[in-house]
Amino acid sequence: MATRILIADDHLLVSQGLQAMLSLSDDLELVEAVADGATAVEKVKQEGIDIVLMDVSLGNGINGIEATRQIKEHSPETRVVIITMFTDPGTVAEAVKAGADAYVSKSSTREFVLQTLYEVVNGRSVLDPNVTDGIFGRISNRDPNVLSDRELEVLQELTHGHSTKGVAERIHVSEETVKSYLKQVFRKLDVKDRTEAVAEGFRRGLVH
């Protein structure tokens, strides 16, 4: 089954270039191209998107970072690849904190962007070499920022011994959503179960 991709970029030429790139692969299916963050969030809710190619600056309305945060809250398993001209450490850090799975400069080669898509499908985070080396630690599996705010919240609830149902009630989401968050927490912390997740969380100082 092809990986379903949504493009969110308000620059027509960039959007068309990304669409042309996706058309070269039988494994990648373009669902739609949109020009603003709010529409991107709604499309993820409606269409079952696997990957969002997201610009940071999206003109009117919410920007790509806020759109990423909302997408991850609603659909933790949807991968978000930020593709932008902004490579300053502050913007990169904000994007990763919002839950972005990869950060790619628009100056990257087509081959690098395609490889990034395949990497994130397989659960790996990617940082473009064009981005400051000092930011790399912020998206590695040993940095607290690898977990989104919601994932940290779920991890904190685990320290109190709450069941999946209990966590869902406390943070006001469905049990299925909590299960999705847990899968992401386990993957990012490289652990197998709740007990290991809590222990690793304390070791890294993510919970108290």
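Of ASP101, ASP9, all but one fail to be under 21 Å from VAL185 (Cβ atoms) and within 17 Å of the chain's Cα centre (by Cα); the exception is ASP101. Among the residues of the range 1-51, which ones are free of Cβ contacts under 8 Å to residues at least 60 places away in the same chain and polar (S, T, N, Q)? Listed by number, the residues that qualify are SER15, GLN16, GLN19, SER23, THR39, GLN46.
Within the range 160-180, the set of residues being among the β-branched types (Val, Ile, Thr) and farther than 25 Å from SER125 by Cβ comprises THR164 only.
If you check LYS183 against the conditions, is it over 24 Å from SER125 (Cβ atoms) and of a type outside the set (A, V, I, L, M, F, W, C)? Answer is no for this residue.
Just one of (1) at pLDDT 85 or above; (2) among the charged types (D, E, K, R); (3) not in a loop (DSSP other than H, G, I, E, B) fails for ARG150. It is (1).
So is VAL191 at pLDDT 90 or above and part of a loop (DSSP other than H, G, I, E, B) or not? So VAL191 passes the test.
The values are calculated or read from the model by the stated rules, or taken from the named source; none is laboratory data. Note that the structure is a prediction, hence the values are computed from the model and not measured. For neighbour counting, all protein chains shown are included, and Cβ atoms are generated from backbone atoms with ideal geometry for every residue, glycine included.
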